[in-house]
């Protein structure tokens, strides 16, 4: 893996690159931990472009991928895709993550404990995106990549830095 690619070195400090290497190295443990989570019905494409707000509240669109999955998967995906695609200012990442997890836990009250919800969101988020940094590195300098993210390469690497830091932190906290 080209962890010391010039684009990565410019956008991601050495501790983040090391943490992302660790995330990649622990991918099998992450997937095994996700397999141990309680299951639920998942949308599997929960991101801002499939979420609209009406008078009665939020409505999810495009249920073409609905099926069984782990608790936390949709909440993690909503948080991460919102920022990975550059749709919302990354300065709001911590606030949005906390709000989504809190609301998701409230919706599961009585069915799943809040501690399990937090663990599930963190595990499923890290497990779903352990591949992202290696892919970005492999494609670095290779021209245009089809993405919803319209930022240039350096801006995308820099803009995704806080999200990748969050993923690495989530994985580290849950695999200790």
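Values quoted throughout were computed directly from the atomic coordinates according to the rules given, and no laboratory measurement underlies them. All figures in this text were calculated on a predicted structure; none of them were measured in a lab. Here the Cβ positions follow ideal geometry from the backbone for every residue, glycine too, while neighbour counts run over all protein chains shown.
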Could you give every pair whose Cβ atoms fall below 9 Å, whose first residue belongs to the stretch 116-142 and is without any contact (Cβ under 8 Å) to a residue 24 or more places away in the chain, and whose second residue is surrounded by 24 or more Cβ atoms within 10 Å (Cβ to Cβ), counting only separations of at least 6 or pairs across chains? 118/72
The stretch 26-57: number of residues that are surrounded by 12 or more Cβ atoms within 10 Å (Cβ to Cβ) and over 22 Å from residue 68 (Cα atoms): 1
Members of the stretch 9-19 found to be farther than 19 Å from residue 172 by Cβ and surrounded by 19 or more Cβ atoms within 10 Å (Cβ to Cβ), listed by number: 11
